Amino acid sequence: MKTKNNINPHCHVCMEEFKVGVDVVMDGTFKGIIHADCNYLPPGEIEDRGKFEAVVKRNQKWFSQFNHVIRH
């Protein structure tokens, strides 16, 4: 069930919801996450890359609202 407290993060390129275990990259300017397969950023604009849950955990300052997605 979706509520206003649960943000369902999604890739703004393909609009698909992120799932645990998918490869993503984090934009260094806007701090957004996109699927690695959807990546259009030049290498200098990528601040972080890895599995979705790992990127969120390493960047809690920006993504603490996604904790409900990565905690089991």
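The values are calculated or read from the model by the stated rules, or taken from the named source; none is laboratory data. As the structure is a computational prediction, the values presented were derived from the model and not from experiment. Methodologically, a virtual Cβ is constructed for each residue, glycine included, from the backbone with ideal geometry; neighbour enumeration extends over all protein chains shown.
Things to note:
- Any pair with Cβ under 9 angstrom, 6 or more apart, that starts in the range 1-21 at a residue that is at pLDDT below 90 and ends at one that is surrounded by fewer than 10 Cβ atoms within 10 Å (Cβ to Cβ) and assigned to a loop (DSSP other than H, G, I, E, B): N8/K2
- Residue within the range 30-51 that is within 20 Å of M15 (Cβ to Cβ), at pLDDT below 90 and of a type in the set (F, W, Y) present: yes
- Residues of the range 6-40 classified as loosely packed, with under 13 Cβ neighbours inside 10 Å and over 17 Å from N59 (Cβ atoms), total: 10
- Flag for G44 being assigned to a strand (DSSP E or B) and among the small types (G, A, S): no
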